[in-house]
Structures are given as C-alpha cells and as structure tokens.
Amino acid sequence: MAKKHPLIDERKILISAGVWDALSARLAERAGFSTVVLSGYAVSASHLGEPDFGLLTQSEILDVARRVCRAVGIRVIVDGDTGFGGPLNVLHMMESLVQMGAAGVILEDQTWPKRCGHMRGKSVVPMEEHVAKIRAAVDVRDRLKETFVITARTDARGPLGIDEAIRRGIAYREAGASIIFVEAPESEEELRRIASEIPGLKTVNNIEGGKTPILPLERAHELGFVSVGFVLTGLYAAARAIQQAYQHLLEHGTSEGLEERMMSFEEFGEVVGLEGPGPAVEAHPLVQLPPRPDDSTVYLFVREEAQPGCPWEVVGSVAADAGWLDRKSDRNGVEKAVRAMGGQGVLLGAREDPEADVIRFLDPISLCDPLDAPREPGG
C-alpha cells in the first residue's frame, strides 16, 4: 500500500481515483484508495473505444458498476451522467445502485446527449428540470439508504458563466444533494467563489489538460473543498503504458527490457485472486436447493463479513442447477428469488454432489441489503 499524503492520512480531505472496470478498481483499492469513481468518460473509452459523447446507456453503465461493486470492498461512486432521462429514470437508476451496494452517484445538468465536462459545445437543461431529478434521487436515498452520497454536478460554467453555476449549486444543495460539484471552473478565483458561496460540501474534479487548474492538495483544503477527484489519471497512465509496451514489442520483437515496467505473473495473480478465494471463504452449513425436474441440485456457500459491516447468512434456497447458475443472464433471477424469501447471502459456489471434495467457485452475487452494510462516512 502506498504512503499517503498527510492530509489524506489524517482524513482532512478525500482523494478519489477514477476507474473503468473491475481490474482498475482492484488496483486502486490495492494502492490504498478508500473511494473510487466509476467514470463515464473512462467507461466509454475503454468499453466502446469512443469519446464521452453520451453513447453509453443506463443499462451499460449499471452493468459495469455492478461488476466493480462486486470486485472491491471500498466505496464506489458511479457517474450517472444526466440520469439517462427524467426523474423516473433517475429513480430506477438509484434503486439499482443502492441494491448493488454502490456508495453514491453523480448527476449532472447537461442536455442529452451530454459530453465530457471539459469539452466545448456543452449546454444545460433548465435548473428546475435538474432539481426535479435530484429530488427523485433524494427520495430513493431517504427511503433505502440514508448514507448514499448524491453529488449534484452543474456544467453551467461553460455556457452560462460562473454566476449561474454558483446559483445552480445553491439550488441543488437546497434540493437535498449531499455534495456540490461545479464542473470546469477556469481559475483559482472561481474555485474560491465556489467553495465560499455555495453552502455545504463541495468537490473539485482535476483533469490533466482540462480547464480547471490543478491546485496543490493543501490549497484545495484551504479553500474548503472536502474531496478532490483524479478521475482520468489512471486511464491516461494506463493508455500510455500499454501503447509503449506494444511499440516495444513491434520494435524489438520481444518483451525483454519491459520487465521493470510490468507486473510479474505472481503479482498480477495476487491482484485478480489467482490463488482462489483463500481461507477467508469458510464452509458454512450448506442449504440444499430443491431439485429441478432433472433432479440436479446445487448448494449455496456463504461466509460472514463478505463486506465490511455486512453479516451474511443463508435463510432460503433457490431451485437451479450448476450450469444455470453459471450463466450471467440468469444471475438476476437468482438474486430476486433469494430476496423474495427475505434472504441475505452471497452465492460463492455450486456442486451437484454434497459429498464432492471440489467446489466450483463462481463470481460472487451480492445479495446483502445495502442498508445492512454501512460504509464509513468521509475519507
């Protein structure tokens, strides 16, 4: 784990890393981050090979978010873009995020299709329209998970000026947003005004090569920002490293000479859990599932403390065979069936023979009610 800046170590300011898939999130967690942001810009680039022009759908970002939340035990803040529609779309997205265990969402007031906040040509919806979306998100938060963080973002600085951006920040705070995020301010003076004139908690987004000056962490803290995001640093660093490695292969015809810039086989295996779930996965009493028509049976395996503060237990069973459980398309069905019985648990593996020595582990399916899995506030 990396040595931490004193302000971060003393939890006086939070710094978050941008991620785009389960592996990047694991690497951020391994480095020592307590919070990551699933960046729409980074997901669009890595999964579609396209710029951040509003090409991702709500289903696509939720799919990636679900995998990231399963892969790490730290807080995951999800870029919700504009909410992908109106207040009803925001309600659906919020309920999905709470259910999967995400810690928060970012909602912005751009028109659709949106674009990266540091690009030209942005436009924003009327303030009242975004206020309605924030209130929809707040309704879900208050009903399902009071600790869920709603970050209200305004992109008004570019098209309408800093005064309008501040006015919107104040209105979004009054609507119930947890944190206010004014995108792409263009000077330290504008950052000072944002921090001093908008009540409540504020965050700043640092993009290398973007419009906002990247201040020393001490200065951001002095101005009054509670968190700083570096949401594209990892993506840009990874892109450069991969490009250079591929160029080296073409030029030299071998990977020799790249070793110091690469993870070893063993180190990468540790990141992805090559050695298997390990001793933390304890065998608890098995719950035999009702037989299907072909008489096949499977079992649920659970462990306590699968996530910090989340006690797991098996309280029900689902009829399914091992092959059915292996198919990703059916996992939501398993999840819903266990929830319908009031169950909490995590599906870790399956076997057809209760006397078999080998347990075939599957990707965990998180069935813990997020209300029972509080995450520590702040950094």
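The values are calculated or read from the model by the stated rules, or taken from the named source; none is laboratory data. Computed from a prediction, not measured in an experiment: that's the story for all the values here. Backbone-built Cβ (ideal geometry, glycine too); neighbour counts: all protein chains shown.
Flag not set for Ala184, criterion: modelled with pLDDT of 95 or more, buried (at least 18 other Cβ atoms within 10 Å of the Cβ) and not β-branched (Val, Ile, Thr). Restricting the first member to segment 105-132 and to residues that are outside the structural domain of Ala184 (by TED's automatic domain parsing), and the second to residues that are crowded, with 18+ Cβ neighbours inside 10 Å and assigned to a helix (DSSP H, G or I), no beta-carbon pair is closer than 7 Å while six or more apart or on different chains.
Table: residues versus (1) surrounded by fewer than 20 Cβ atoms within 10 Å (Cβ to Cβ); (2) within 11 Å of the chain's Cα centre (by Cα); (3) not small (Gly, Ala, Ser).
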position	(1), (2), (3)
Gly40	no, yes, no
Val64	no, yes, yes
Ala71	no, yes, no
Arg75	no, yes, yes
Pro87	yes, no, yes
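Considering segment 147-237, the qualifying helices (runs of 4 or more DSSP H), each wholly inside and each with 2 or more residues that are in contact (Cβ under 8 Å) with a residue 12 or more places away in the chain and among the small types (Gly, Ala, Ser), run over 162-174, 188-197. Listed conditions (1) within 28 Å of Gly210 (Cα to Cα); (2) surrounded by fewer than 24 Cβ atoms within 10 Å (Cβ to Cβ); (3) over 20 Å from the mean Cα position of the chain (by Cα) are all met by Ala132, apart from (1).
In segment 249-273, of all residues being surrounded by 11 or more Cβ atoms within 10 Å (Cβ to Cβ) and aliphatic (A, V, I, L, M), the one that is farthest from Ala22 (Cα to Cα) corresponds to Leu249. Among the residues of segment 1-20, those identified as assigned to a helix (DSSP H, G or I) and not β-branched (Val, Ile, Thr) are Pro6, Leu7, Asp9. If you go through segment 49-79 and keep only what is at positive phi and without any contact (Cβ under 8 Å) to a residue 60 or more places away in the chain, you end up with just Gly49. One residue stands out among those in segment 98-117 that are farther than 26 Å from Ile74 by Cβ and either hydroxyl-bearing (Ser, Thr, Tyr) or part of a loop (DSSP other than H, G, I, E, B) (or both): the one that is modelled with the lowest pLDDT, which is Arg115.
Applying the condition of being surrounded by fewer than 20 Cβ atoms within 10 Å (Cβ to Cβ) and among the hydroxyl-bearing types (Ser, Thr, Tyr) to segment 187-204 and asking which residue is nearest to Asp155 (Cα to Cα) yields Ser187.
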